[in-house]
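Visitor: This is the structure I have questions about; it appears just below.
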Amino acid sequence: MYGLIVEARRVVNVPTGGTLHGPKINGTVVAPSGDWLYNMPDGSSRLDVRLMVKTDDNELIFMEYAGVMAFPKDAADRLNKGELVTHAEGYFITAPRFTTASAKYAWLNQIQAVGKMVSLQRGHAIKYDIFEVK
């Protein structure tokens, strides 16, 4: 046997109403949206997030991203208690991709982005800074 990675998957329903703001896009998260979170044996987590975004001008954009989240025990404990944690307290990086049939937002189909968590409060909100890689 080559070894076995033991993972615990948790499916998180991403609530509607979250916002996406940028220099060329503004939108709101709508259903269906979810996060298939893999809790790894070392305490880190792997993200598999899929969101539907409706722009302020009624266009639809599918956003998906993978990522890695790892916090030291003290920050993880605070997060589990519902407290706010910030990027300075752990590692939380994502790689978003976008898909749309909208002519106005077709430029999103041609980019790869990277994101870094700014702040996270379980059950409340997560804030990312997302950048196009050029």
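The values are calculated or read from the model by the stated rules, or taken from the named source; none is laboratory data. Bear in mind that the values here come from a model prediction, so they are computed numbers and not experimental data. In this analysis, Cβ positions are derived from the backbone assuming ideal geometry, glycine residues included, and neighbour counts consider all displayed protein chains. Accessible surface areas use protein heavy atoms only, side chains included; no ligands, DNA or RNA. Shrake-Rupley method; radii C 1.70, N 1.55, O 1.52, S 1.80 Å.
Visitor: Out of the residues in region 112-130 meeting the condition of being assigned to a strand (DSSP E or B) and more than 17 Å from Val53 (Cα to Cα), tell me which one is least open to solvent (accessible area, probe 1.4 Å).
Guide: Initially, region 112-130 is screened for residues assigned to a strand (DSSP E or B), giving 113-121, 125-130.
Then keep just the ones that are more than 17 Å from Val53 (Cα to Cα); that gives 114, 116-121.
Details: Val114: 62, Lys116: 95, Met117: 2, Val118: 39, Ser119: 28, Leu120: 23, Gln121: 58 Å².
Here the residue is Met117.
Visitor: Cβ contacts < 7 Å: first residue of a type in the set (Val, Ile, Thr), restricted to region 98-113; second residue open to solvent by 30 Å² or more (accessible area, probe 1.4 Å) and part of a helix (DSSP H, G or I), any location; separation 6+ or different chain. Result?
Guide: Thr99/Asn109; Thr100/Ala106; Thr100/Asn109
Visitor: Of everything in region 47-88, what is open to solvent by 80 Å² or more (accessible area, probe 1.4 Å), assigned to a strand (DSSP E or B) and of a type in the set (Gly, Ala, Ser)? Give them in sequence order.
Guide: Once the filter is applied, which keeps residues that are open to solvent by 80 Å² or more (accessible area, probe 1.4 Å), assigned to a strand (DSSP E or B) and of a type in the set (Gly, Ala, Ser), region 47-88 yields nothing.
Visitor: Give me the residue from region 89-111 that is within 19 Å of Ile126 (Cα to Cα) and not in a strand (DSSP E or B) and, out of that set, most open to solvent (accessible area, probe 1.4 Å).
Guide: Taking the candidates together, the pick is Glu89.
Visitor: What tally of residues in region 9-46 results from selecting those that are open to solvent by less than 80 Å² (accessible area, probe 1.4 Å), part of a loop (DSSP other than H, G, I, E, B), over 17 Å from Phe92 (Cα atoms) and out of contact with any Gly (no Cβ under 9 Å at 6 or more places or on another chain)?
Guide: Adding up the residues that qualify gives 4.
Visitor: Further question on the same structure: List pairs: first residue in region 120-134 and free of Cβ contacts under 8 Å to residues at least 60 places away in the same chain, second residue surrounded by 10 or more Cβ atoms within 10 Å (Cβ to Cβ) and of a type in the set (Ser, Thr, Tyr) anywhere in the structure, Cβ distance under 7 angstrom, at least six positions apart or on different chains.
Guide: So the pair list comes out as Lys127/Ser119; Tyr128/Thr94.
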